[in-house]
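Written out below as structure tokens is the structure these notes cover.
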Amino acid sequence: MENNNLNNLPKDLFKPLVRKEDTSETISKPSRTFGQEAKRTFFKNKPALISLMLLVIIIIMSIVGPHMTEYGNDDQNLSRAKLPPHAPVLEKISWLGFDGTLTDDFKGSTVEEAKRKAILRFDKENKGKFIDFKVKSKGNGERNSAKVEATYHVYEAKGMGDQYFWLGTDHLGRDQWTRLWLGTRVSLIIAFVAALLDLLIGVAYGGISGFFGGKVDNYMQRVIEILVGIPNLVIILLMMLFMQPGIMSIVIALAITGWTGMARIVRGEVMKVKNQEFVLAARTLGTSNGSIIRKHLLPNIMGIIIVNTMFSIPSAVFFEAFLSFIGLGIVPPKASLGSLINIGFQNLRIYPHLLVYPAILISLIMITFNILGDGLRDAFDPKMHK
Amino acid sequence: MARYILRRLGYMIVTLFIIATLSFFLMKMLPGSPLNAEDKLSEEQKAIVLEKYGLNDPVPVQYVRYLTGLVQGDLGISFKFDNTPVTQILMDRIGPSALVGFQAMVIGTILGIALGLIAAVFHNGFLDYTSTIIAVLGTSIPSFVFAGLLQYVFAVELGWFPVALWGEPEHTILPTIALAITPLATAARFIRTEMVDVLGSNYMLTAKAKGISQAGRVWKHGFRNALIPLVTVIGPMAVNIMTGSMVIEQIFAIPGIGEQFVSSVLVNDYPTIMGTTLLYAFAFIVIILIVDLLYGLIDPRIRVTGGNK
């Protein structure tokens, strides 16, 4: 039955197959534009992707973080100064260090003496009521032979057991969590604005110098040569001394010194591209200088500009922290990562938590930006495209 | 070569002159005078003090006097630190800074080269990734954060070293490590890239075909060629160490130039600040000049000016 049916198919259902050249064995890959290749290379780069995600989280936290607590940037209260970190839920896990206690080892010739030292350091008024002792070695009467570990429950001692300062408080009783994220915000703003200014000045200067060439280029390069000769640090320090300290002056000082690197790179690239045939073709067709720069030169040097900007951000973060650390940067009560680290150093021995979190955060920012920059450089490098 | 050196020296003098001029006029434009804090002085006393330091003269006269003094190595007199000449203060403090800086430079470079070599030889292996991670951390983490970590672990927790003390050779250990981490990472990264390039080149294949052992190839043919470009990053590395030394000296209480600078900033002692800035500028410029000249000597292709080909 079925056979019969198949044999009786009308002829007009059949169409002849157009003969094509056999392409099944040609080796080729889908053609992608440079941008698509760059995107592919970048998204294959795991460390760079993780860095990007971390950075986005840090940036979001720097925006919402300060509003997650009820405390403001400058809510001073000396009665709650230098509290250790105390966070809900996390306080149950003692080794994380969020249980609101201070722990240290004390030595003495007897256990009693060691305990006395602990009480003297932590809490004289309550006579050790809120201190848990764990005797580590009983001692034999010799000097410093006995050792006790004292855990001081600060929040209970101050009757603030129901209050939570997630990262503790600083020497003036200000909430460290709020200040940490506000500081991050300030540091990031400075870095981004400085990098943006670098970008604008550097691209304009380098572009003009490279595009027009000749005498213009010659003079502009002499100026740069002298500027590059002056160490960045020296100019930044002089500017900071001269201007009122603050966010604006840091940005200006960083921008004044930062653009030369960008200008040199852009000039080199422009000079490389501007003599190529497609620019000549555009010129022959009567394209104006402005269009050539916008349509032909800029897209070709975009990659290198982006990469260079990515690297100038962490260096701006570093310089801001450096300046705030040596006391030339942010003015209190404003915080930045550098000034927080400075405060942390002053309290390093007994309250290391004041140093730890800003230090981790600034390291994280620097590392992620550097890895991200590396990833972008690879992405824009045709040699890395597979 | 001689023309090149002369040109570079010319640039150096111009740069120093600009910095000196800039710092002088910035200092003049700064609000306040050194006497503001001493309100107890009578008008006559103030006049006497101003006369004594030549602050009553017209600005151009002061400027010329300042430049003449500068050429003779006179950086003025400190307002705050017992009226000592700034040159004297800086001379007393140059020793510790130079010691720690030099140690950090040498240790950082040598360890960095070793790390980079290992990474290149075991390219894409476990050791390569480890050293790459160390290099990324080293270039990213600011030296003062690293110093804090060292101080907390080795001085506060373990108690192996004093937290901040100066005098004995072992007191230089922690600051040296803190300063050395950046040059270490830079050198490691640089040597790795260069070595991977060199090891993949054709003459290395020839050497292998001739039957030279791997150690011999890496050492004699690879390493020497990879080492030359390292000279280019030594300049920036030295600059980095000097920048870092400001905070490191502050953290470890080293009586050096950087520590002096930070304490001068805190008390607004302008002559000392300016003197230190100039010293830094001078050191930066001289180091970069030396490195550039050295590079020209090592690699004849670099000599930019075609004076003597």
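The values are calculated or read from the model by the stated rules, or taken from the named source; none is laboratory data. Note that this is a predicted model, so its numbers are computed, not measured. Heads up, the Cβs are rebuilt from the backbone with ideal geometry, glycines too, and the neighbour counts pull from every protein chain shown. These accessible areas exclude ligands, DNA and RNA; they are computed on the full protein's heavy atoms, side chains included. Shrake-Rupley method; radii C 1.70, N 1.55, O 1.52, S 1.80 Å.
Every residue, every condition in (1) among the acidic types (Asp, Glu); (2) farther than 19 Å from residue B:268 by Cβ; (3) surrounded by 14 or more Cβ atoms within 10 Å (Cβ to Cβ), yes or no:
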site: B:46; (1), (2), (3): no, no, yes
site: B:50; (1), (2), (3): no, no, yes
site: B:54; (1), (2), (3): no, yes, no
site: B:63; (1), (2), (3): no, yes, yes
site: B:74; (1), (2), (3): yes, yes, yes
Return yes or no: is residue A:210 touching a Lys or Arg at 6+ places or on another chain (Cβ under 8 Å) and in the same structural domain as residue A:306 (by TED's automatic domain parsing)? yes
In segment A:263-304, anything among the β-branched types (Val, Ile, Thr) and open to solvent by 70 Å² or more (accessible area, probe 1.4 Å) is listed as A:284
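Just for helices (runs of 4 or more DSSP H) wholly inside segment A:198-299: which have at least 2 residues that are closer than 30 Å to residue B:275 by Cβ and touching an Asp or Glu at 6+ places or on another chain (Cβ under 6 Å)?
Qualifying helices (runs of 4 or more DSSP H): A:247-274.
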Restricting attention to segment B:87-128, the residues that are crowded, with 18+ Cβ neighbours inside 10 Å and without any contact (Cβ under 8 Å) to a residue 40 or more places away in the chain number exactly 1
Consider residue B:116 against the criteria (1) modelled with pLDDT under 85; (2) part of a helix (DSSP H, G or I): it satisfies all of them except one. Which criterion is unmet? (1)
Which one of these is more than 16 Å from residue A:357 (Cα to Cα), within 12 Å of another protein chain (Cβ to nearest Cβ) and more than 28 Å from the chain's Cα centre (by Cα): B:138, B:159? B:159
If you scan segment B:204-253, which residues turn out to be among the hydroxyl-bearing types (Ser, Thr, Tyr) and either within 14 Å of chain A (Cβ to nearest Cβ) or in contact with a Phe, Trp or Tyr (Cβ under 7 Å, 6 or more places away or on another chain) (or both)? B:232, B:243, B:245
Output the number of the condition that residue A:356 fails; it satisfies all remaining conditions of (1) within 12 Å of chain B (Cβ to nearest Cβ); (2) more than 21 Å from residue B:252 (Cβ to Cβ). (2)
Failed criterion for residue A:296 (all others in (1) over 21 Å from the mean Cα position of the chain (by Cα); (2) in contact (Cβ under 8 Å) with a residue 60 or more places away in the chain hold): (2)
Restrict the check to segment B:178-188 and report whether at least one residue is of a type outside the set (D, E, K, R), touching a Phe, Trp or Tyr at 6+ places or on another chain (Cβ under 7 Å) and open to solvent by less than 10 Å² (accessible area, probe 1.4 Å). yes
Checked segment A:228-252 for anything on the phi < 0 side of the Ramachandran plot and more than 12 Å from every other protein chain (Cβ to nearest Cβ); matches are A:247, A:248, A:249, A:250, A:251, A:252
Looking only at segment B:148-176, filter to residues that are within 21 Å of residue B:257 (Cα to Cα) and touching a Leu at 6+ places or on another chain (Cβ under 6 Å); which one of those is modelled with the lowest pLDDT? B:171
